[in-house]
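Take a look at the structure below.
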Amino acid sequence: MRFLFAEILSATKNFDKKLEIGHGGFGRVYKGVINVINDKAKMIVAIKRLDSKSKQGEKEFISEIETLSKLRHKHIVSLIGYCSYGSEMILVYEYIERGTLADYLHKNKRDSRALPLLTWKERLNICLGAARGLDYLHNNNVQEVIHRDVKSGNILVDLNWMAKIADFGICKVESTSHTHTSTEVKGTIGYIDPMYSSTKMLTKKSDVYSFGVVLWEALCGRPVLDNKIDDEQQHSLVLWVQRCYKNKTVHKIIDSSLMGQISTDSLQLYIDLAIACLHEEGNRRPTMAKIKEDLKYLLTDGLNFLRWEELTYCP
């Protein structure tokens, strides 16, 4: 659906700063209200406006429209429409109420409101939803896509704690004749696959690496790069967890709020999966389909552990 610029101005109250709910590589995102069904109803939406200072532009704008107009999945954010007016490039999406996974893991604030700590069950459920969305991108029958910017900030969470993958501006359509695509390296520092960075050969396993970083974020509850830490290895979440995994001290870096929520066996399976996603050789990493099944098992196993704990400690 194509919107008039006047409709966008009305929906955002002339891009009122108070309606701003986020910003990224493309530009600022606003909460807005649009008229639908011949102006008989209203819909709350998220409106992303290209920033004139952004390194992204028309290429990313068109890529997002073309990709999301062909794909439909409950774990992928829906594109409602767009607006192109002069230098203005604007995308309109369904509004996802709870914000991003990153907000909950290490920002702990949204719209000046304190956010609740996520339980292990909630984190697993969100990761599973994101894995399902990525598996669909990689293996659907319409257009196989490599997202290229998988990160906790691009995993949105709705009112029912359902995860949705967002931001497709720099995604790549998978080549049908090759197992990889030679391309300029793009993505977010800390999440970029080192193999892709060094060879410029992009594959689905590059998304797997990035998702592995998200799995570690979910377990440790800290950002992928922490500027407050001077130690180079601890500054980088990936270097930190790899060192701890080698030294068998991962249990020391788990988010303290999760203590008592994860069984020993489940934790080991999760750690093994997360570390496998970071393997330096892409072909040694699991597929998103495998990750999806493993997380599904872990979520079920975790629920059984919690039920057992309730029975054990019932007064």
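The values are calculated or read from the model by the stated rules, or taken from the named source; none is laboratory data. Nothing here was measured: the structure is a model prediction, and the numbers come from that model. Note: ideal-geometry Cβ built from the backbone for every residue, glycine included; neighbour counts use all protein chains shown.
Can you spot a residue in segment 155-177 that is in the same structural domain as residue 203 (by TED's automatic domain parsing), at pLDDT below 95 and assigned to a strand (DSSP E or B)? Yes.
Check 90, 44, 8 and return the single one that is in a strand (DSSP E or B) and farther than 25 Å from residue 184 by Cα. The conditions single out 44.
Scanning segment 1-34 for residues that are in contact with a Lys or Arg (Cβ under 6 Å, 6 or more places away or on another chain) and of a type in the set (Gly, Ala, Ser) returns a single hit, 27. Residues that are over 22 Å from residue 156 (Cα atoms) and either at pLDDT below 95 or surrounded by 13 or more Cβ atoms within 10 Å (Cβ to Cβ) (or both) within segment 16-41 comprise 35, 36, 37, 38, 39, 40, 41, listed in sequence order. Among residues of segment 281-292 that are not assigned by TED's automatic domain parsing to the domain that holds residue 199, none has a Cβ under 8 angstrom from a residue that is modelled with pLDDT under 95 at a sequence gap of 6+ or on a separate chain. Exactly one residue out of 210, 152 is in contact with a Pro (Cβ under 9 Å, 6 or more places away or on another chain) and buried (at least 20 other Cβ atoms within 10 Å of the Cβ), and it is 152. Annotation: of all residues in segment 47-68 being in a loop (DSSP other than H, G, I, E, B) and loosely packed, with under 12 Cβ neighbours inside 10 Å, the one that is modelled with the lowest pLDDT is 55.
Residues are listed down the side, and each one gets a yes or a no for (1) under 21 Å from residue 14 (Cα atoms); (2) within 21 Å of the chain's Cα centre (by Cα); (3) outside the structural domain of residue 12 (by TED's automatic domain parsing):
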residue: 35; (1), (2), (3): yes, no, no
residue: 44; (1), (2), (3): yes, no, no
residue: 69; (1), (2), (3): no, yes, no
residue: 83; (1), (2), (3): yes, no, no
residue: 105; (1), (2), (3): no, yes, yes
residue: 116; (1), (2), (3): no, yes, yes
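Residue pairs whose Cβ atoms lie under 8 Å apart, separated by 6 or more positions or on different chains, with the first residue in segment 215-235 and of a type in the set (D, E, K, R) and the second modelled with pLDDT of 90 or more and surrounded by fewer than 16 Cβ atoms within 10 Å (Cβ to Cβ), are 232/239. When 250, 238 are screened for being modelled with pLDDT of 95 or more and within 20 Å of residue 127 (Cα to Cα), only 238 passes. From the list 98, 132, the one residue that fits, being surrounded by 15 or more Cβ atoms within 10 Å (Cβ to Cβ) and modelled with pLDDT under 95, is 98.
So in segment 204-259, with the set limited to residues that are among the small types (Gly, Ala, Ser) and more than 20 Å from residue 272 (Cβ to Cβ), which one is nearest to the chain's Cα centre (by Cα)?
206
Meeting the requirement of 1 or more residues that are among the aromatic types (Phe, Trp, Tyr), the helices (runs of 4 or more DSSP H) wholly within segment 178-278 are 194-199, 204-220, 237-246, 264-277.
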